[in-house]
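*Asks:* Structure incoming, see below.
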Amino acid sequence: MKPSSPPAARSGQAPRPGSSARPPHAGVPARIRAAFFASPRDTVLTLALVAAIAAMLPGLLDWLVFDAVWGAQPASACEAVRGEGACWAVVREKFRVMMFATYPFDEQWRPGLVILLLVALPVLSAWPRMWNAALPAVWVVGILLAYWLMGGGLGLVPVPASQWGGLPVTLILTIFGIGFAFPLALLLALGRRSGLPVVRALSITWIEVLRGVPLITVLFMASVMFALFMPAGLSVDQLLRAQVAIIVFVAAYLAEVIRGGLQAVPRGQYEAAKALGLPYWRMMGLVVLPQALRIAIPPIVNSFIALFKDTSLVVVIAIFDFAYAVKKSVETDVEWKKYFVEALLFSMLVYWIGCYAMSRYSRWLEQRSAGAR
Amino acid sequence: MDAPAVLIQGLEKWFGDFQALRSVDLEVARGERIVVCGPSGSGKSTLIRCINRLEVHERGRIVVEGVELDDDLRNIDTIRARVGMVFQQFNLFPHLTVLENCTLAPTWVRRLPRREADARALALLERVRIVDQAGKYPGQLSGGQQQRAAIARALCMEPSIMLFDEPTSALDPEMVKEVLDTMMALAGDGMTMIVVTHEMGFARAVADRVVFMDEGEIVEIAPPAQFFAAPAHERTRRFLGQILAH
C-alpha cells in the first residue's frame, strides 16, 4: 500500500479482464478425497477407523444414554441394568454430598451461593472492560463475601472450615489461587529480570526452590510446618494453609511462563518507552507487559488449568475437595458403592467443563488481539 | 536561558573491553541542526543514545539544556521528557493504534487530559500527513508511514531536541523521501536536531554542521559546504569517496 496513492485507487480497482474475482476453489468431493483417501494407506486407515467407531459407538451410546438409569431411581433399578446401562441415578442420589460434602445440610444454600459467586468472579474478571483499578476491589469484596457465606457469623450460623467441603472448596482454592498467584508471578518474573541484586536473588530462589519440589510436599510442609513458624497461640486453619501453599507453588511456575513472554518483547520497545520518558512501572504496565502477556496467553491458561486440577491433591492434608467428596459419597454407601465409575465420570465432566471454558476463553483472547500485531 | 541545547565534554564509553566513544566533545546550540555520519561501528549511534541515556557513559559530562545527566533518576526523566527520539526500527508499540501510540506518553507522563492529548496527536499526525491512519495498528502501515507515526509520537511530548538514529536505514528506497521531507519540515520550524544518517543530500540541505566520526572519536566538524567540498582529514575524504561514489 503506497501512502501517496489516493484512497479511490485502492478501493475502486476494476478486476483485470480474464481473472475471476475469487481464487479457484476445490469442491466438497475433492476435499474429502484429499483429506481421507489421498493414498492407498490413507484409504485403509480411514476404513479401519470408521469400522472401529461403528463397532463401538452403539454400545457406548447404549451404556451412556439409552439403557442408562436417569433421574431419582433406587439402587435396585440400577442393579437391574447393571453392565448394560450407566447408573446416573447415583449422581442424583448423592448430589448434595458430592457438592457440599460435610457442610451442614440445612445451611447448604450458602456454599451453593458461593459456587455462583466463584463462577461470577472469574467470568467478570475475564471481561477486558473490567481490567482497571476497580478489579482488585471487586476481588476483595468477593473474597470477604465468600468467607462470610462459608464461615458464617454476622447473622449466619458459624460453620468451622473443618466442615467445609466439595465444589466450593475446589473453587475457592482454584479461583483465589489464580487471583493471587497471577499478580505474585508478575512480580517474581519482573524481579528475576530486575537490576537490583537482592530482588533478583530472592525471586530466583523462590522460583527455583518451589519449582524443584512436588506440590504434595509443599502441601505437607504447609500443613505440618506452618505451626512452627507462627507465633504461639495463633493457629491458621488447614484450608488457608493449603491455599497459601498452592499460591506460592503456582506463582513460581507462572513466573517462568511470564518471563518467557517478557523475553519475546524486543529491546526496542523498552527503549522507545524510556525515550518517551515513561518511568519503569509505566513502561512495564503500558508497553511491555501487555505485549508479553499476549504472547504468553496459551501457557498461562495452561498453568491455570493445571492448577484447577491439581487442587484435588489437597486431599493428602485431609481437605474435602470436590474430587474427594465425590469419591467418598459413593464409597461410604454399601448400596451405591458399585456405581463408583458413574460418580467418577460425573466429577470428570465437572472438571472438564471448567477446563474447556478456560481453553475457549484463551482462544478468544488470542484471536481478539490478533489484529494488533 | 543561554545554556546550549546539548553540551558534551570528554565523553567516554565502553562495551566490555571495546571502547565505543573516545573523549568526544560536542556543543549543540539551540535550533541547530547537526548531522552525524561515519562508517558503521564508528560510535555515532552510541553517541546520540548517550544523550537520553539509553546508554550509560563511563566518563565525561553530558548537559542537556542545563540539566546534567548523572545517576539522579529525576534528571534522567526530565531530560527524556524534553528529548524526542526516532529509531531506525520505528519501535512503535504494536498493541496500540497509531493514535494511542501518540497519546500514551502525554497522558501518563505529562498528565494531559485525554481530549487534549487526542487533539495534539491528531494535529501532529496531520502534520506528518497520516491522520487518516490514526485508528490503525502499526502492523497495518507501510514502513514510511510507521516512521512518520514515530516522529509524530516523539513530537507529541513537545520536545525541544529531537534525536534521529538512522531514521531511513530500514526503509524501502521509495519511502525514504517521505520521511526526509517530514524531517526537513521539522528543521524548517527551528527544532534542534541531531541526526545520524547516511543521507548526504539531507545533510547538505539541512545541516548547520556535519560531524564525522570514526573509531569512536570525532574526526571533523564542519559546515556542509566546507565538509563536502574541502574535507580537512584523510579519513573524511576516504569515507566521502566511498559513500558518494555511487
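Quick note: the coordinates plus some simple rules give every number you see, no bench work behind them. Bear in mind that the values here come from a model prediction, so they are computed numbers and not experimental data. Methodologically, a virtual Cβ is constructed for each residue, glycine included, from the backbone with ideal geometry; neighbour enumeration extends over all protein chains shown.
*Asks:* Among A:P279, A:A30, A:G112, flag the residue with its Cα farthest along the positive direction of the charge dipole of the protein assembly as shown, charges on Cβ as +1 for Lys/Arg and -1 for Asp/Glu.
*Replies:* Sorting the options by dipole projection puts first A:A30.
*Asks:* What value, in deg cm²/dmol to 500, does the helix sum -39500 (n - 2.57) over DSSP H runs of n ≥ 4 give at 222 nm once divided by the residues of chain A?
*Replies:* Mean residue ellipticity, 222 nm, calculated: -21000 deg cm²/dmol.
*Asks:* So, R0 is 22 Å and r is the distance between the beta-carbons of A:R267 and B:S23; what FRET efficiency does that work out to, to 0.05? Don't jump to the answer; show the numbers that get you there.
*Replies:* Details: r = 28 Å, r/R0 = 1.27.
Efficiency, from the Cβ-Cβ distance: 0.20.
*Asks:* Taking the Cβ of each residue in B:L122, B:L92, A:L289 as the centre, tally the other Cβ atoms inside 10 Å and list the residues starting with the fewest. The partial results should precede the final answer.
*Replies:* Numbers: B:L122 16, B:L92 24, A:L289 20.
Starting with the residue having the fewest Cβ neighbours, the order is B:L122, A:L289, B:L92.
*Asks:* In addition: Give the long-range amide H neighbours of B:V6: residues separated by 5 or more places, or on another chain, with amide H under 5 Å away, using H modelled in the peptide plane at 1.01 Å from N.
*Replies:* HN-HN under 5 Å from B:V6: B:V28, B:E65.
*Asks:* Report, in cubic angstrom per residue, the convex hull volume of the C-alpha atoms of the range B:129-207.
*Replies:* Looking at the range B:129-207, the number lands at 94 Å³ per residue.
*Asks:* Right, next: Most fluctuating residue of A:S359, A:S303, A:S39 in a GNM of chain A with Cα springs under 10 Å: which is it?
*Replies:* Result for chain A, Cα springs under 10 Å: A:S39 fluctuates most.
*Asks:* Under the Karplus relation 6.51 cos²θ - 1.76 cosθ + 1.60, θ = phi - 60°, what is the ordered set of whole-Hz ³J(HN,Hα) values for the range A:186-191, x standing for Gly and Pro?
*Replies:* 4, 5, 5, 5, 5, x
*Asks:* If you take the C-alpha gyration tensor of the protein assembly as shown, multiply each eigenvalue by 5 and take the square root, what semi-axes do you get, largest first, in whole Å?
*Replies:* Sorted largest first and rounded, they come to 63, 34, 21 Å.
*Asks:* Just add up the charged neighbours of A:K338: K/R +1, D/E -1, any other residue whose Cβ is under 15 Å from the Cβ of A:K338.
*Replies:* Details: positive: A:R82, A:K94, A:K327, A:K337; negative: A:E79, A:E84, A:E93, A:E331, A:D333, A:E335, A:E342.
Its environment carries a net charge of -3.
*Asks:* Amide H neighbours of B:M193 under 5 Å, counting only residues 5+ apart in sequence or on other chains, H built in-plane at 1.01 Å?
*Replies:* Result for B:M193 returns B:E32, B:R33, B:I34, B:M162.
*Asks:* What does the structure give for B:89-102 when I average, per residue, the other chain Cβ atoms found within 10 Å of the residue Cβ?
*Replies:* On the way: counts 6, 2, 10, 3, 10, 9, 10, 5, 1, 0, 0, 1, 3, 0.
Across B:89-102, the average partner-chain Cβ count within 10 Å equals 4.
*Asks:* Which of the cysteines found in chain A have nothing to pair with, since no other Cys Cβ lies under 4.7 Å from theirs?
*Replies:* Cysteines of chain A left without a disulfide-compatible partner: A:C355.
*Asks:* While we're here: Hey, can you grab everything whose amide H is under 5 Å from the amide H of A:A68? Only 5+ residues off in sequence or another chain; H modelled, so Pro and N-termini drop out.
*Replies:* Those qualifying (amide H under 5 Å, at least 5 residues apart or on another chain) are A:A86.
*Asks:* Mean residue ellipticity at 222 nm from the helices of chain B, using -39,500 (n - 2.57) per DSSP H segment of n ≥ 4 over the full residue count, to the nearest 500 deg cm²/dmol?
*Replies:* Mean residue ellipticity, 222 nm, calculated: -11500 deg cm²/dmol.
*Asks:* For a test of understanding, tell me how many lysine pairs in chain A have Cα atoms under 13 Å apart, given they are 8 or more places apart or on different chains. It would help to have the intermediate numbers written out before the result.
*Replies:* Details: A:K94/A:K327; A:K94/A:K328; A:K94/A:K337; A:K327/A:K337; A:K327/A:K338; A:K328/A:K337; A:K328/A:K338.
Within chain A, the lysine pair count is 7.
*Asks:* Can you give the charge dipole size of the range B:116-197 about its Cα centre, rounded to the nearest 20 debye, using +1 on the beta carbon of Lys and Arg and -1 on the beta carbon of Asp and Glu?
*Replies:* My answer is approximately 80 debye.
*Asks:* Using packing as a proxy for protection, rank A:164-176, A:344-356, B:124-136 so that the peptide with the highest average count of other Cβ atoms within 10 Å comes first.
*Replies:* A:164-176, B:124-136, A:344-356
*Asks:* Quick one: check the C-alpha center-to-center distance for the range B:70-144 versus the range B:155-220, whole angstrom.
*Replies:* Computed from Cα coordinates, the inter-centre distance equals 19 Å.
*Asks:* Excluding B:V219 itself, calculate the net charge of residues whose Cβ lies under 12 Å from the Cβ of B:V219, where each Lys or Arg counts +1 and each Asp or Glu counts -1.
*Replies:* Neighbourhood net charge equals 0.
*Asks:* Mind checking B:135-143 for the average number of partner chain beta-carbons within 10 Å of each residue's beta-carbon?
*Replies:* Mean shielding by partner chains, rounded to a whole number: 2.
*Asks:* About the Cα centre, and with charges only on the beta carbon of Lys, Arg (+1) and Asp, Glu (-1), how big is the dipole of chain B? Nearest 20 debye, please. It would help to have the intermediate numbers written out before the result.
*Replies:* Numbers: 28 positive and 34 negative charges, 104 e Å.
Result for chain B is approximately 500 debye, rounded to the nearest 20.
*Asks:* Let me ask something additional. Determine, for A:K337, A:K94, the number of other Cβ atoms within 10 Å of each Cβ, and report the residues in order from fewest to most.
*Replies:* Arranged by neighbour count, lowest to highest, A:K337, A:K94 become A:K337, A:K94.
*Asks:* With springs connecting C-alpha atoms under 10 Å apart, model chain A as a Gaussian network and identify which of A:E342, A:E331, A:E271 has the largest mean-square fluctuation.
*Replies:* A:E271
*Asks:* What is the sum of charges, Lys and Arg at +1 and Asp and Glu at -1, for the other residues whose Cβ falls under 15 Å from the Cβ of A:V123?
*Replies:* Overall, the nearby charge balance is +2.
*Asks:* Out of every Cα-Cα pair in the range A:118-242, what percent are more than 25 Å apart?
*Replies:* Looking at the range A:118-242, the distances longer than 25 Å represent 43 percent of pairs.
*Asks:* Quick check: from the Cα gyration tensor, does the range B:64-196 come out rounded (a/c under 1.5), prolate or oblate? Present the calculation step by step, with values, prior to reporting the outcome.
*Replies:* Numbers: a/c = 1.72, a/b = 1.23, b/c = 1.40.
It is oblate, given that a/c is not under 1.5 and a/b is not larger than b/c.
*Asks:* Further, regarding this structure: Could you size up the charge dipole of chain A around its Cα centre, putting +1 on the beta carbon of Lys and Arg and -1 on that of Asp and Glu, and report it in debye to the nearest 20?
*Replies:* For this selection, approximately 2120 debye.
*Asks:* Now for a separate question. Between A:V213, A:V50, A:V199, which gets the highest mean-square fluctuation from a Gaussian network model of chain A, Cα cutoff 10 Å?
*Replies:* Among A:V213, A:V50, A:V199, the largest GNM mean-square fluctuation belongs to A:V50.
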